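Down below is the structure, laid out as structure tokens.
We did not get these values from a lab; they are worked out from the coordinates using the rules stated. Predicted model, so just to flag it, every value in this text is computed and none were measured. No Cβ is skipped: glycine too gets one built from the backbone with ideal geometry, and neighbour counts run over all protein chains shown.
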Amino acid sequence: MPYVLPVLFALVIVALLPLVAGYIVLVERKVMADMQVRLGPMRVGPHGLLQPIADAVKLLLKEDIIPESADRLVFWGAPLISVTTAMVALAALPIGPFFQIAELNIGLLFILGVSSLGIFGIVLGGWASNSHYSLLGALRSAAQLVSYETSAGMAIVGALLLAGTLSTRGIVQAQAQTEVWFIFAAPVGFFIYLVASIAETNRAPFDMPEAESELVAGYMTEYSGFRWALYFLAEYTNMIVVASIATTLFLGGWLRPFASTSYLDFLDWLPPLLMAGVAGYCFWRAPKQPVAVQKMFMAAVGLLCIVLALVLIMPMAAPRDSFLASSKAGIHGAFWFLFKVGAYIYVFMWLRFTFPRYRFDQLMRLGWQFLVPLSIVNVMGIGVGLALHRQLNWPAAPALILGIVLTLVAGAYLLATGEKHEHPRVGEEEEEETPVNA
Amino acid sequence: MVPIGHYIFLSVALLAIGIVGVVTRRNVIIILMSIELILNAVNINLVAFSRLVGSVEGQIFAIFIITDAAAEAAVGLGIIIAFFRNRETVLADEMDILKW
Amino acid sequence: MLRQYVPILIFAVLAMAFPAVTLVLFKYIRPDSRAIGAKLKPYECGIPPEGDARGRYSVRFYIVAILFVIFDVETIFLFPWAVLFSTREEGYRLTPIYGLASVFVFLGILIIGYVWLYRKGALEWV
Amino acid sequence: MAERYNFGAGAGGVNVETTVLGADEIILNMGPQHPSTHGVLRVKLRLDGEKVVGSECVIGYLHRGVEKIAEHRSYQQFAPYVDRMDYVAAVSNGLGYCETVEKLLGAEAPPRARVIRTILTELQRIASHLFWLGTHALDIGALTPLFYCLREREEILKIFEKYCGARLTTHAFRIGGLQYEAYDELEKDTERFCKDFDRRVDEYESLLTENRIWVGRTKGIGVLTADAAIAMGVTGPVLRASGVQWDIRKSMPYAAYDQYEFSIPTGKNGDTYDRYLVRLEEMRQSRKICLQAIENIPAGPILGKVGKVLKPPPGEVYHSIEAPKGELGYYIVSDGTTQPYRVRIRPPSLINLEALDQMIRGHLVADVVAVIGTLDIVLGEVDR
Amino acid sequence: MLDQVVFYFFAALAIVSAILVVTRRNAVQSAIFLVTALLATAGIFLNLNAEFLFIVQVILYAGGIMVLFIFVIMLVNLDVALHQVQFNRQWFVALIISAVLAAQVAAAIAVSRRTLYTMPAAPAESLQPNTERVAFYLFHTYVLPFEIASILLLVAMVGAVVMAKKRV
Amino acid sequence: MTNDSEEKQPPRPAEAEKPAGTPAPSASPSASGGTPSGETPGKPAAPSAPVAAAKPPAAITPPKPAAPAAPAKPPGPPPPPKEAPPKPAPLDNDLVKRYKARFGGAVVEALLDRKQAILVIAADRLLEIARYSRDEEHFDLLVDLTAVDWPKREKRFDLVLNLYSFSKNERVRLKALVAENEPVPSVESVWPTANWLEREVYDMFGIVFEGHSNLKRLLLPEEWQGHPLRKDYDILQQDEAWVRENLGIESGQ
């Protein structure tokens, strides 16, 4: 049975993902609270650590309402589509060199394709509810997803030019070979992808469809209880997916920083130290908890971290050539991958609590009039750089930097014309009458 | 191994269903959707034969067909929208004027 | 090749089954729903909705969708090009100049279209 | 940027391009149960796509008949009711009412009472503006300023609580002066708050003022020219943001405002961004007034001679103050009995809200939220 | 074995969904089933070792063109149309065409039973590595159609926008 | 300015001598009359433009810093000393003289009450006087419009308009006596803000404004019976009617 491992892994993902999403929500609330000078959830469990579980129980037991004018079947199925597509996209992601459900030749395109199907969950959910807010939210959401998918795709093409393969594992290996993460080779592409991925996951400042002050809850307005939770799960899974894509494509996947610089190998001790640090903090805080249960819980979290630290140390402490030592790449790779994904998601949160929300037309303008052309130019710039490198044997760095500079010049031009264009809205009418050069 | 004939059967079945849709439905959008079915049937054929002869050229054709389908859908639906705006209908047999 | 996809298929089934089963299962666990009357109406800020919601919305949505489809096709064509441009598979790699030229023509035509759209104001939402 | 949406108020209507299929518009209901209509305001929007071509406010969901109630209460009994109108600026409401009745009686509050009233009212103005800023930013999608604002507002509410025991509906003043003597640390508390507050306003500004998205969301949105503003009768920061430098505290000083140095900030474009800037600057000015006022609180009685039973001679009076939201006027008619014959309250929110329709035309649904927010309405006051 | 299971599953799915596409009254439901049919076709492409085409089908057809369809269906408010007659009286035409098609296929099978029906497909390895191969053909043999495709797309873009936008 | 005409409303002479700007405001309601409800507040932009043209400085210039203790305008009779209770007194200053000269008998009475000027005017010439107040006396801001019910009087309502002038920094109160069921000209064309205020007065007192673009209840639901701020209004009537209708019993109490 060659499928045992992947299937086991799939089971683990399906079982853990809701939990992970729940805890991302908790972390988000905690981060938000910290930035807003408050404490955040503190009641359920020590420091609110059991809050996601309480939320889940509440959502599962909540009254399940289907509006009478809704299309029941579609209403039922739409959240499922969202969740399934979001989850299936995870299948091709390499969480470390060994943990992957399926290694595909077209891995990256597979992720893109499957997650592009998630749009149906949103549109159909909004349509099935038969409510103004839902449908408008759904259409907006879909239009937004669709608008930024183009630029995200183009940004990915830029990185693919450097990698030369669609396989997710191959992309990371390419970064290991060239010894440079693609974020440094294609910073503009990373920026475009960052913006586009925020928009694609409907996160602030692009959270138009669920801008609660305008459309109440967008396409989810009529959903409550567990169905609503499914949409939420899909949203957070999507966040993980885009973060994973960015990690794989631009941030070196499971690679440690300076992975191939051997005199920096001491960096391998960083992960266990980090875990040990967290454990130490937990033990330090545990006696200060008010209730015995909470003390125990805190201690248990500390223990868990200790165990993780041990797992991370094990391959390094084990004798060479043993099985344990050979598992180092897998375990540490998984750590670094998840660490980078976490950092990427943290940036999402940070932006969310800092920025006001774009208006829909502004968002569309940003997407279509800035990011799309910029991403096209980015592809061309990287292409030119690579061609210079390969055909004329320029050294790689200056060639690529030239490409980046070209892209940045184009970006500056776009910004300037955008500003100029924004001013004379009235004059636009005349402009439309002029003959076009097409 | 699935014999090639089964692919052709599938293709013909989809083609037939598509044609039935095109011929019998009144809603232009559904007629367009039926055309997509027909295009799909063609694609299945192409890819099946591509596999049969061991060349990817059939797949290339299929890609071009999909491109074409995208263009066709965009323009076709554009026409439907323009028509709907003027005539408030999407029924094929009510689209009986040549100019508006 | 198909074998690589089997785990994905299983995963997909699991991913679909998990929420579906939970949905069905908890139907029997949670207290009975007694939603009646206004609770079953769609939310319209507490006012009975006026007219069917499946109404008409701005044609802009359609234009955005068209642009998306067109650009999506273009992007899809670029993916194989990007792969081929620097692939490590033997004998497939494009000559840089040739690859660049073929795609620059392609993108050039696309850019012409883009400029036309920009000038026409089709990229403006309002 | 400012000219981008020049189809706001006063521009002579909007050249509406029909972008929707077919000719008909859709009607979208915002409210009364909507997260961003600040209570139970209902706005019926006629939309063309997402562009507003017309709107109608449906109000009255919070109507409690305050003016009718007044006719059946004695003058003192009615005083707490006014706190419940603009419940985020109860102190200002109370000040207006007390001063009006004093005027009706021909009485006057002693100087000490007037200064303390000024301090508390200015603190209340800051609190009200803070609440406005937080919720307005939240409407536009910035989550964080709300909590910063509420943190400072909390300080003010603590001062109120220490002074009179209540935080929200304070009923801080009495007709003829004050009931409570200022508590010992009032000056110190106020000073501590004011010392800190300047830096805090800078903090809000650092989050919003230069922010590209914030500017994009507010500049040129809901433009109200000076003429249109006056025609629509709007007052307060909304009027000042349109470029009319008019503040009742300056033009017809009441309480102790004539003793203090402060300036009236005005805007230029009358858009949402200017209103934001004006209110921020007003908070700074209020802080300045507070600092001046605590310098020198005159000694003396806090309650003038008005008697236990108030029987104003027949006649009528209109008196208005510059409440945080605009001109808050009371028009009281007395028939010589212990109960007012008629109390008319001129609520700034109601009249400012009336300008909503012309401010949002041609804008998008999202801007409606921004404009409702920038008008700083409180439905308790709109509906009374 | 796996091949057959997958093929028959997807084939059945495709046909059932296709039938539902043309028979559902509600256009949104038709579109949903068309998506299903397209995804089933994608599965068949995968079965045929056309990996790249599989993903093109998913991204472009299911994730792109069908989104366009759904947008249009929602824009033109088909609930009104729902109460109208959905089928015209051309069943016999459809029947005739189907019958002719069936006859053709039957004839073809009858004529070349041996060669066509049972011929197994070429070994899958000849199509590997799929993406690179497809790309290679696309950018060498078919580079002209590739450029022309972009012109087609340009024309489609212009045409569709002109059609949809009232004042251009 | 010479107008000693009879009491019947003669809008003609008054309009004839007004600057060209005036017809525009009066034309505006008819333009907006055809449009559905909610449209009107958008229109006032048109009237305001000529106003601005007529007296540009008024709107923008800051008001003169007022004399500290004198919120009201008149230098007329000195306010009564503190001991004496305030009471209304007749007023006769320049402003009143101008009004009287212009409108003659239409200005029924001029009073000073608590240092505040009140002009009692004839309701049927309200629109004319309002327009004059805005255009020539520069009372640009309609601060408030309300009513008071005196059920025992022959003309039971006082319609009260509180005006403010930015350029002069003074307030004046116009008070029109209105009988029940007597329609009053709407001043919406003069001050667009009157739209809602008049609706509120209609809602609360039942005074009908002629020429109002959208006269319906503002605060109370459309189906409400009666006008609550009238002195003879009794909440129990409606309560009992509701109880009778919905519960089928005599009294809810």
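Structure data summary
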| item | result |
| --- | --- |
| Neighbourhood net charge (12 Å Cβ-Cβ; Lys/Arg +1, Asp/Glu -1) for A:T248 | +2 |
| Range of Cα positions in the stretch F:92-220 per principal axis (Å), largest first | 40, 31, 25 |
| Two-decimal ratio, chain A, of alpha-carbon radius of gyration to 2.2 N^0.38 Å | 1.06 |
| Chain A: DSSP helices with Cα axial extent of at least 24 Å and average Kyte-Doolittle hydropathy no lower than 0.5 | A:4-35, A:72-89, A:107-129, A:132-163, A:225-250, A:292-317, A:328-354, A:372-391, A:396-422 |
| Under 13 Å, Cβ to Cβ, from D:V115 - net charge with Lys/Arg +1 and Asp/Glu -1 | -2 |
| Selection from B:I63, B:H6, B:I35, by position along the positive dipole direction of the stretch B:4-88 (Cβ) | B:I35 |
| Farthest positive-ward along chain D dipole, Cα basis, beta-carbon charges - from D:S55, D:T135, D:L379 | D:L379 |
| Tail weight of P(r) past 21 Å, computed on alpha-carbon pairs of the stretch A:62-255, percent | 50 |
| Virtual spin-label span in nm between A:L264 and D:T337, 7 Å along Cα→Cβ | 8.8 |
| In nm, spacing of pseudo-spin labels at F:D239 and D:E181 (7 Å Cα→C-beta vector) | 4.5 |
| Along principal axes, Cα extents of chain D, largest first, whole Å | 70, 47, 33 |
| Cβ-based net charge around D:Y81, under 9 Å, with every Lys or Arg adding one and every Asp or Glu removing one | +2 |
| Cubic angstrom per residue, convex hull over Cα atoms of the stretch A:294-380 | 166 |
| With eigenvalues of the C-alpha gyration tensor scaled by 5 and rooted, the stretch D:111-241, Å | 31, 20, 12 |
| Separation between Cα centres of the stretch F:161-180 and the stretch B:1-38, rounded to whole Å | 78 |
| Axial C-alpha extent at least 15 Å, average Kyte-Doolittle at least 1.0 - helices from chain D (DSSP) | D:365-375 |
| Anisotropy class of the stretch D:254-317 from Cα gyration tensor, a/c 1.5 cut | oblate |
| Descending Cα extents along the principal axes, chain B, whole Å | 52, 24, 17 |
